[in-house]
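Notes follow once the structure below has been shown.
Coordinate-derived values only; no laboratory data. The model shown is predicted, which means the values in this text are computed figures rather than measured ones. When we count neighbours, we look across all protein chains shown, and the Cβ atoms used for this are built from the backbone with ideal geometry, even at glycine.
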């Protein structure tokens with residue numbers, strides 16, 4: 001079973017107020033690791049030292065976008081954090097509107113991948129809803145599989161796949177070992193509604209666990225927004241996932 005992490009973007013407001021105390025709380029809850037989605041007022045070097053002190057692994061990091069314009073910063077930050085997996089978190093929907101647009105976006109990712117690999121790093125791509133739209137006879141992410149270098153992995157956001165009408169378990173089976181990172185969130189699976197603690201929405205996590213049993217290396221909780229207290233939702237999500245044996249804590 002994979003370890004459970006949290007994307008720090010989930011707690012961005014709290015981290016901006018007191019970075020150290022929030023990271024310590026994440027460790028107290030039992031999370032095995034964190035994924036960086038920004039710095040939240042703390043230097044990468046100080047963040048790395050704190051995580052080491054607390055026994056928190058750093059699974060991966062999201063790169064600032066546009067990616068090519070920020071690639072040097074991303075490489076330097078990844079090396080400081082000690083991660084090998086760099087995730088492109090977003091390409092705007094209009095850059096996937098046509099097959100030519102998809103090919104051009106993938107060409108850019110392939111270029112970034114070549115540079116990252118030359119610096120000892122891996123590139124992964126994080127989906128939202130736009131990669132699960134149909135262009136022609138395929139979903140966008142299926143076209144991406146045709147155009148991307150096979151060394152580029154995916155960080156599958158199961159909630160956004162579900163929201164877009166794609167079965168996340170089927171998507172994970174299709175991607176197989178190219179999807180070692182899972183973004184785990186829950187809610188009503190509508191575009192504008194608030195998300196919930198994991199287990200309180202409509203996502204079928206049992207099916208997701210079964211589909212990714214041999215391929216998922218991290219379950220990473222990420223709540224973009226939530227109507228309840230975010231730290232409570234983060235703790236409830238941890239308890240739900242670990243008590244059911246989908247992922248394990250420290």
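Sorted ascending by nearby beta carbons within 10 Å, beginning with the fewest, 67, 191 become 191, 67.
Where the centroid of each part is defined by its Cα atoms, how far is region 183-240 from region 23-102 in Å? With region 183-240 and region 23-102 each reduced to a Cα centre, they are spaced 19 Å.
Please work out whether region 154-250 counts as rounded, prolate or oblate from its C-alpha gyration tensor, where a ≥ b ≥ c are the square roots of the eigenvalues and a/c under 1.5 means rounded, while otherwise a/b larger than b/c means prolate and anything else oblate? The shape class here is oblate. The listed peptides 109-115, 84-90, ordered by packing as a protection proxy, come out as 84-90, 109-115 (highest mean of other Cβ atoms within 10 Å first).
Ordered by the count of other Cβ atoms within 10 Å of each Cβ, fewest first, 223, 54 give 54, 223.
Checking the a/c ratio against 1.5 first, then a/b against b/c, what shape does the Cα gyration tensor give for region 129-195? Mind showing how you got there, number by number?
Values: a/c = 2.34, a/b = 1.43, b/c = 1.64.
The shape class here is oblate.
Roughly speaking, what is the stretch gain from residue 17 to residue 204, that is 0.36 nm per residue apart minus the C-alpha to C-alpha distance, in nm to one decimal? Intermediate values should be presented prior to the final figure.
Details: separation 187, 0.36 × 187 = 67.32 nm, distance 3.42 nm.
My answer for the length gained is 63.9 nm.
The label-point distance for residue 217 and residue 39, in a model that sets each label 7 Å from Cα toward Cβ, rounds to 2.6 nm. Measuring from a point 7 Å past the Cα of residue 145 along Cα-to-C-beta, which residues in region 86-106 have an amide N at less than 18 Å? It comes to 99, 102-103, 106, nothing else.
If each residue's Cβ is checked for other Cβ atoms within 10 Å, how do 43, 212 rank with the fewest at the top? Numbers along the way, then the final one.
Working: 43 11, 212 25.
The fewest-first ordering by Cβ neighbours comes to 43, 212.
Estimated at 0.36 nm per residue, the fully extended path between residue 95 and residue 134 surpasses their Cα-Cα distance by 12.7 nm.
According to the square roots a ≥ b ≥ c of the eigenvalues of the Cα gyration tensor, what is the shape class of the chain, taking rounded for a/c under 1.5, prolate for a/b larger than b/c otherwise, and oblate for the remainder? Because a/c hits 1.5 or more and a/b fails to exceed b/c, the chain counts as oblate.
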